[in-house]
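The values are calculated or read from the model by the stated rules, or taken from the named source; none is laboratory data. Remember, predicted model here, so these are calculated numbers, not experimental data. In this analysis, Cβ positions are derived from the backbone assuming ideal geometry, glycine residues included, and neighbour counts consider all displayed protein chains.
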Amino acid sequence: MALNHSAHVDCFAIPRLSWYCGRFIRHSGWSPDYVDRLFKRGTARFSDDLVHERLIPNGQVAKLKNPMLHFSFMNFSQVLEKIDRYSTASAIQAFARGKRSNPVNAIFHGLWAFFKTYFIKAGFLDGKQGLALALSNAEGSYYRYMKIWLLEIHEKNEN
C-alpha cells in the first residue's frame, strides 16, 4: 500500500508469514496476518489481554508490503505446549469476563474451529500442515471451553 505523504502515520502494520511444522501457512486464516509492530514511542499502548496481547495505536496505521517471517511452530511438541498454555490463559480471561461453558459447548466450539479453519479459511490448500493446523485449532478451542467449565465447577465447589 502506498503511503499518502500528507497523512500523519505513527504506526505500521507488517504482514506476517507464519511457519507451522515444516511449511509457511498461506491460508487457514493465517494469511494475510497484519500485525502492528513499528510505532512512534508514546503513540500506542499494549492491551491487557492474557493471550494475544496486541498493540493499540492512537492514530492512523499504514500497512507495509514485505512480510516478516514468523517461525511459530517448528514441531508438534511446541504446538501442544502452546495449546495448553494459551487455552489455560484464555479460559481464565474468559471466565473472569463472565463466560461459562459445558462439555457439549466445548465440543461444538472445537468442531466449529476445525470447520472454519479447514473449509471456510481454506486450510485444505495448506496441505497436511493445513489439516494439522485445523485440528490443533479445534483442540485449542475445545480445551479452552472445557477449562472454562472446570473453572465454573471449581468456583461452585469453593462456595
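Which condition breaks for Gly29 when tested against (1) touching a residue at least 60 places away in the same chain (Cβ under 8 Å); (2) surrounded by fewer than 12 Cβ atoms within 10 Å (Cβ to Cβ); (3) touching a helix residue (DSSP H, G or I) at 6+ places or on another chain (Cβ under 8 Å)?
(2)
Tell me which of these Phe108 doesn't satisfy, since it passes every other one: (1) free of Cβ contacts under 8 Å to residues at least 24 places away in the same chain; (2) of a type outside the set (Lys, Arg); (3) in contact with an Asp or Glu (Cβ under 9 Å, 6 or more places away or on another chain).
(3)
Just for the stretch 32-43: of the residues that are more than 11 Å from Phe12 (Cα to Cα) and in contact with a strand residue (DSSP E or B) (Cβ under 6 Å, 6 or more places away or on another chain), which one is surrounded by the most Cβ atoms within 10 Å (Cβ to Cβ)?
So the residue we want is Asp33.
Exactly one condition in (1) of a type in the set (Gly, Ala, Ser); (2) in the same structural domain as Ala138 (by TED's automatic domain parsing); (3) under 14 Å from the mean Cα position of the chain (by Cα) is false for Gly29; which is it?
In the conditions (1) of a type in the set (Gly, Ala, Ser); (2) in the same structural domain as Ala138 (by TED's automatic domain parsing); (3) under 14 Å from the mean Cα position of the chain (by Cα), Gly29 misses (2) alone.
Which is over 16 Å from the mean Cα position of the chain (by Cα) and not in a strand (DSSP E or B), of Lys65, Lys82? Can you show your working first?
On the way: Lys82 fails: over 16 Å from the mean Cα position of the chain (by Cα).
Testing whether each residue is over 16 Å from the mean Cα position of the chain (by Cα) and not in a strand (DSSP E or B) leaves just Lys65.
Going by the structure shown, is Ser101 surrounded by 15 or more Cβ atoms within 10 Å (Cβ to Cβ), modelled with pLDDT of 95 or more and outside any helix (DSSP H, G or I)?
Working: surrounded by 15 or more Cβ atoms within 10 Å (Cβ to Cβ): yes; modelled with pLDDT of 95 or more: yes; outside any helix (DSSP H, G or I): yes.
Yes.
Within the stretch 110-146, work out how many residues are farther than 14 Å from Leu80 by Cβ, touching a Ser or Thr at 6+ places or on another chain (Cβ under 6 Å) and among the small types (Gly, Ala, Ser).
Count: 5.
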